[in-house]
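Notes for the one structure printed next.
Throughout, read-outs are computed from the coordinates displayed, never taken from laboratory work. Everything numeric in this text was worked out from a predicted model, so none of it was measured. Neighbour counts run over all protein chains shown; Cβ positions are idealised from the backbone, glycine included.
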Amino acid sequence: MSKRQRRHHKQARARQAAQQGLNPNTHPAAAGIDIGSTELVAAVPPDRSRPAVRTFCAFTSGILALRDWLLECGIATVATLIDGQLLDHHL
């Protein structure tokens with residue numbers, strides 16, 4: 001699988017995490033994050049940001065940038081996908 005295909009797959013998984021665990025009617029300020037060993041892929045509702053899906057490195061600088069982006073988007077709830085398991089977190 002090429003690097004581009006892997007990235008597309010991770011973005012799809014982040015969207016899936018947001019859709020599976022969080023109903024937009026009950027959690028309108030929710031995001032989904034696919035956590036990998038080298039990068040984090042986050043998806044927010046399309047009306048919150050353009051682009052709605054972003055990739056961040058798994059180092060401190062990337063995590064801080066992810067936090068800042070989620071706060072800018074007004075996100076209050078996050079569903080994470082780790083090794084295929086869905087976890088919900090409320091900020």
ask   = Between T60 and R7, what length comes free when the chain is fully extended (0.36 nm per residue of separation minus the Cα-Cα distance, one decimal in nm)?
value = 17.1 nm
ask   = Of the peptides 37-45, 2-10, how do they stack up when ordered by the mean number of other Cβ atoms within 10 Å, highest first?
value = 37-45, 2-10
